[in-house]
Every structure is written in C-alpha cells, then in structure tokens.
1. If each residue of separation counts as 0.36 nm, what is the full-extension length gain between residue 192 and residue 63 once their alpha-carbon separation is subtracted?
2. For the chain, what does the relative contact order come out to in percent, with C-alpha contacts under 8 Å and a separation of six or more?
3. Once you keep just the Cα pairs under 8 angstrom separated by 6 or more residues, what percentage relative contact order results for the range 1-130?
4. For the ranges 138-150, 112-124, what's the packing order if you count other beta-carbon atoms within 10 Å of each residue, average per peptide, and put the highest first?
5. Just to be sure I understand the model, the point goes 7 Å from the Cα along the line to the Cβ. What's the resulting residue 8 to residue 182 distance in nm?
6. With label points built 7 Å along Cα→Cβ from the Cα atoms of residue 211 and residue 134, find their separation and express it in nm.
7. Compute the orientation-averaged projected area for the range 1-80 from the convex hull of its Cα atoms and round it to one decimal in nm².
8. Between rounded, prolate and oblate, where does the chain land on the alpha carbon gyration tensor, with a ≥ b ≥ c its root eigenvalues, rounded for a/c under 1.5, else prolate if a/b exceeds b/c?
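Any read-out appearing in this document is the output of simple, stated calculations on the displayed coordinates, not a laboratory observation. This one's a predicted model, so the numbers in the text were calculated from it and none came from an experiment. All Cβ positions, even for glycine, are placed from backbone atoms using ideal geometry, and neighbour counts span all protein chains on display.
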Amino acid sequence: MISPSELLRHVDAAFERLGAATPGWDDPNPERTPSDDAYSRVTDPAKWRILGARADAWLEALSTLGLATIERNASIDWSEPPSTVVTRADCALPVVAGGLPLVLARSRIESVDDAGVTIGVGSPAVVHRWIPDCGCDACDSGSQDALDELDEQVLAVVTGRFRRLRREDRTITVVSGQICQSAGLSGLTDPTTVLADPTGWEELDGPSWLETSERDANSPF
C-alpha cells in the first residue's frame, strides 16, 4: 500500500522537473486590500500555467506508481457542461476496482487556452472544481494557495475521501472529511444529517486508489 505522503513525494519530484518553466509567485495582496480596478484586471493569465504543470506531475506520479492509467487528450462525457472553457482534458483511470475516474482538464483564462485547471470526477464526469476560481488580480493570493487547493482536491479523490451527494437541485460535496461546498439547501437541510443518512440522495464516491497498484493488479498471487 502506498501512503499519501509517499504519493506526494513523487508528485513533488515530478513537479520540480515539469514546473521548471512555470515559476511561482507570492501573494500580491497579503493585506487583502486590492484596488477596485484589480477585480476586473488579469495582468498575467499565463502564469496560471503552473497549475497545469502540477496537474501533469500528479498524472505522472499516479501512472509511475501503478495507481492509474492515463488517457491524454481524452474525450470527456460531462454530466453537465463545465462553465469554464475547456480546451483539452486528461483522464486518470484508477486501477482499483470501483475507483472514481479523475479528469484534469485545461481551461482558458483570458486569451490563454491552458492557464487554468478544471477538475472532473466520475463517469460521466461531474464538474467538481476549477482553479483558480477567479484569475483576476484582486482574488490572486499567490501560487502556493492555488497549488495547495489542487493537491487537496486531487488527493481527496485518490484517497477515497471525496463524496458528492445530489438530490434534485441540492448538492453536498465533502473533501478530506470536511464539507467544502453545498448548494440549493436554503437552510432547510442540515448537511451533516444527510451525510449520516444519505437515503434518497444520489451519492458519488469511491474507494482509495492507494490500496492497489498496477503491479498488484497483475500479480497472480
């Protein structure tokens, strides 16, 4: 069994090489007092390509460790069209039985086609997250925050801690044991109650990828 820390070490090693041409940057607004015009300005959309480099590092690590097979430039069947402009997509198909497929798609920011990353989960793929959620100068909190968010979202799927429940127009999403998003509840539904007893809700979840590898799957023993 591969531990999350071991997996992240492989991701970091791959990112050191793949991210060499996409340098990080500090939080430009540490006091969180951006100017009004910063909300409509994207000074350097290309810098967000660092996220694509990190996504590639994840895909390489998952493949190298035998946790998934990777489909590059995959044709994705989305359950609902992403609100981002997706320009291409890669898909990680887990070796473990019942594991949730993971889509790491490149998405457009301003005129840069591959600046952002849109994350999909399952098949058909549910749009789970897009990073950055806003690439404007005012919302920019530095590259490390965005990289950490990407790691958290991917690791939740890979470790089997991702859960998404849906009932009509209501959704609850859990990442790493914490409710990270809910919609359509309007104060009428307690998310923790639903998570404890999801009867009547459509649930998307899967096992950890880390308990198997390609080598284990092909072993006759």
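1. Details: separation 129, 0.36 × 129 = 46.44 nm, distance 3.51 nm.
Here the segment from residue 192 to residue 63 would lengthen by 42.9 nm.
2. Working: 410 pairs, mean separation 49.2, N = 221.
RCO, the chain: 22 percent.
3. Here the relative contact order equals 21 percent.
4. Values: 138-150: 17.6, 112-124: 21.5.
The most tightly packed comes first, giving 112-124, 138-150.
5. Using points 7 Å along Cα→Cβ, the separation is 2.8 nm.
6. 4.1
7. Its Cα hull, projected and averaged over all orientations, spans 8.6 nm².
8. Working: a/c = 1.79, a/b = 1.15, b/c = 1.55.
Judged from the Cα gyration tensor, the chain comes out oblate (a/c at least 1.5, b/c at or above a/b).
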